[in-house]
Amino acid sequence: MVMTKFLQEAKKFEIQAYKKPRDAKILQQNNVPFSGSPLKHPFEPKKVILVADPYSSNTFYYEFNTKDISFVEELPSIVSLEGESISMARIWVKKRSVGVRCTPFAVDDISIISNHSPRE
């Protein structure tokens, strides 16, 4: 039997230690955490978009003003089945700030399926 695959050298994974915010209790009292993939807003430089679950077919995103973000934590990246990697973050947004939650959907006709015959 001929071996066609050989062992490969494992690459070193750098692990970044979690850095607790200096005032963690104050951060939790005055802010709310949101997790997702952060993106620059395409039109407004003072806003950030946070895609909640980037690989889901039914995802949504948040939109926040950058001045309302108190702290950002880097989370582990997620990888698709195709090997594409997306960075993730947890952002802490000041309480009483205004944010936008957007849930995109496809507009289509609604078909009603009935097992009963119509009454005459």
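To keep it simple, each residue is scored yes or no on (1) modelled with pLDDT of 95 or more; (2) over 30 Å from ARG22 (Cβ atoms); (3) surrounded by 11 or more Cβ atoms within 10 Å (Cβ to Cβ); (4) out of contact with any Leu (no Cβ under 8 Å at 6 or more places or on another chain).
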residue	(1), (2), (3), (4)
LEU39	no, no, yes, no
SER57	no, yes, no, yes
PRO76	no, no, no, yes
VAL79	no, yes, yes, yes
ASP109	no, yes, no, yes
PRO118	no, yes, no, yes
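With respect to PHE43, is the statement that it is exposed (fewer than 14 other Cβ atoms within 10 Å of the Cβ) and among the aromatic types (Phe, Trp, Tyr) true? It is true that PHE43 is exposed (fewer than 14 other Cβ atoms within 10 Å of the Cβ) and among the aromatic types (Phe, Trp, Tyr). Does VAL48 satisfy the criteria of being surrounded by 14 or more Cβ atoms within 10 Å (Cβ to Cβ), of a type outside the set (D, E, K, R), assigned to a strand (DSSP E or B) and in contact with a strand residue (DSSP E or B) (Cβ under 9 Å, 6 or more places away or on another chain)? So VAL48 fits the description; yes.
Among the residues of segment 90-108, those identified as farther than 20 Å from ILE26 by Cβ and among the hydrophobic types (A, V, I, L, M, F, W, C) are VAL98, VAL100, CYS102, PHE105, ALA106, VAL107. Summed over segment 87-107, the residues that are of a type in the set (A, V, I, L, M, F, W, C), loosely packed, with under 15 Cβ neighbours inside 10 Å and in contact with a strand residue (DSSP E or B) (Cβ under 9 Å, 6 or more places away or on another chain) give a count of 3. Put simply, of PRO38, PRO76, PRO33 the only residue that is part of a strand (DSSP E or B), under 12 Å from TRP92 (Cβ atoms) and not aliphatic (A, V, I, L, M) is PRO33.
The values are calculated or read from the model by the stated rules, or taken from the named source; none is laboratory data. All figures in this text were calculated on a predicted structure; none of them were measured in a lab. Note that we place each Cβ from the backbone using ideal geometry, even for glycine, and neighbour counts take in every protein chain shown.
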